[in-house]
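Asker: So that we are looking at the same thing, I have put the structure below in structure tokens.
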Amino acid sequence: MNAGFLSWILILVTFILLASGWKTFLLRGVSDRAILTFFAAWCVAGRFDVFMGKGWAVNGVIVPLLILIGAALRRQRSFLGGLHGLSFGLFLASVYYLLKHMGDIDPFFLPSRVTFGAALILALLAAILVRRPADQIACLSFALLCGSALYGYVHKGQAAMPFAGLPFQDEWWLAVGSARLMSSAAETVVGSVREVSKSLADRWRETRK
């Protein structure tokens with residue numbers, strides 16, 4: 001699959017799901033205006049590369065991602081809350097770099113043999129440890145940006161595409177989409193178990209009366 005193809009498929013699928021009424025399920029607490037603005041900014045900014053000199057370039061999608069991260073930090077209730085989010089993002093970035101590096105060292109390393117294995121593992125960790133949708137997406141964005149920057153710096157001789165280019169965009173959409181689906185599914189299962197437990201407890205009380 002060519003780089004960038006997966007991201008456009010996931011963009012289309014996400015847009016269809018949100019337009020079909022899945023917004024409350026996938027992006028609870030995020031306004032329609034913010035979602036449409038992000039989609040528009042991504043589609044426009046992704047078409048531009050900014051050349052920084054010495055053969056180094058940055059894709060425009062970094063702008064909406066930085067704005068998204070900044071908005072999430074601004075919504076935090078305290079300085080410690082924002083610091084906690086950044087520290088967890090750095091932790092995920094280190095996990096991402098470690099998985100990528102282990103894949104270079106050992107081609108038989110399991111995550112490296114799975115397509116986009118590092119992005120899926122980051123999505124799983126974020127789904128388990130970050131609950132709010134906006135914070136989860138911002139944390140993954142920060143982690144992927146930092147992890148990609150570190151990996152690109154260490155392997156700068158191998159860099160053939162701009163930073164935050166098409167391979168990064170594929171990983172970002174896969175990680176964010178997978179994290180939201182896993183989180184939403186887990187919340188649904190937990191909610192169903194609670195309802196069933198409550199119903200059984202009520203019936204048990206009625207039988208004992």
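The values are calculated or read from the model by the stated rules, or taken from the named source; none is laboratory data. If you're wondering where the values come from, they're calculated on a predicted model, not measured in any experiment. Because the Cβ atoms are built from the backbone with ideal geometry, glycine has one as well, and the counts that use them run over all protein chains shown. Note: accessible area is taken over every heavy atom of the protein model, side chains too, but ligands, DNA and RNA are not part of it. Shrake-Rupley method; radii C 1.70, N 1.55, O 1.52, S 1.80 Å.
Asker: Any idea of residue 199's accessible area? Nearest 10 Å², probe 1.4 Å.
Answerer: 50 Å²
Asker: Computed over the Cα atoms of segment 1-103, what is the ratio Rg over Rh, Rh following Kirkwood?
Answerer: Rg/Rh: 1.01.
Asker: Decide, for segment 50-167, between rounded, prolate and oblate: order the square roots of the alpha carbon gyration tensor eigenvalues as a ≥ b ≥ c, take rounded if a/c falls under 1.5, and otherwise choose prolate if a/b is larger than b/c, else oblate.
Answerer: oblate
Asker: Sticking with this structure for a sec: Report the accessible area of residue 63, computed with a 1.4 Å probe over the heavy atoms of all protein chains in place, in Å² rounded to the nearest 10.
Answerer: It works out to around 80 Å².
Asker: Which residue, 103, 191, 81, has the most motion in a Gaussian network model of the chain that connects Cα atoms within less than 10 Å?
Answerer: Its mean-square fluctuation being the largest, the pick is 191.
Asker: Ordering 67, 9 by accessible area with a probe of 1.4 Å, largest first, what comes out?
Answerer: 67, 9
Asker: Next up: At q = 0.26, 0.29 Å⁻¹, what is the log10 ratio I(q)/I(0) for segment 46-91, with the Debye formula run over Cα points and no solvent?
Answerer: Each listed q corresponds, in turn, to -0.88, -0.97.
Asker: When the chain is fully extended, how far beyond the present Cα-Cα distance does residue 94 get from residue 182, taking 0.36 nm per residue of separation?
Answerer: 29.5 nm
Asker: For the chain, set up a GNM with springs between Cα atoms under 10 Å and report which of 36, 140, 92 has the largest fluctuation.
Answerer: Looking only at 36, 140, 92, the biggest GNM fluctuation is shown by 36.
Asker: Students sometimes get this wrong: rank 5, 79, 39 by accessible area, probe 1.4 Å, all chains present, largest first.
Answerer: Details: 5 120, 79 160, 39 25 Å².
From most exposed to least exposed: 79, 5, 39.
Asker: Can you send over the solvent-accessible area of residue 161, 1.4 Å probe, protein chains only, in Å² to the nearest 10?
Answerer: That residue has around 100 Å² of solvent-accessible surface.
Asker: Another one. Comparing 108, 25, 48, which has the greatest mean-square fluctuation in the GNM of the chain with Cα pairs linked when under 10 Å apart?
Answerer: 108
Asker: Another question, then. Do the sum for the chain: with -39,500 (n - 2.57) for every DSSP H run of n ≥ 4, divided by all residues, what is the mean residue ellipticity at 222 nm, to the nearest 500 deg cm²/dmol?
Answerer: About -24500 deg cm²/dmol.
Asker: Which of 94, 148, 196 sits closest to the plus end of the dipole of the chain, meaning its Cα is farthest towards the positive end, when Lys and Arg get +1 and Asp and Glu get -1 on the C-beta?
Answerer: Sorting the options by dipole projection puts first 196.
Asker: Compute the projected area of the convex hull of the Cα atoms of the chain, averaged over all viewing directions, and report it in nm² to one decimal place.
Answerer: Averaging across all directions leaves 15.6 nm² for the Cα convex hull.
Asker: A further question on this structure: So, in the chain, how many Lys pairs have Cα atoms under 27 Å apart, if the pair is 8 or more places apart or on different chains? Present the calculation step by step, with values, prior to reporting the outcome.
Answerer: Details: 54/100; 54/156; 100/156; 198/209.
Close lysine pairs under the 27 Å cut-off: 4.
Asker: At 37 °C and 0.692 mPa s, what whole-number value in µm²/s does Stokes-Einstein give for the translational diffusion of segment 98-209, with Rh from the Kirkwood sum over Cα pairs?
Answerer: Value of D from the Cα-based Kirkwood radius: 200 µm²/s.
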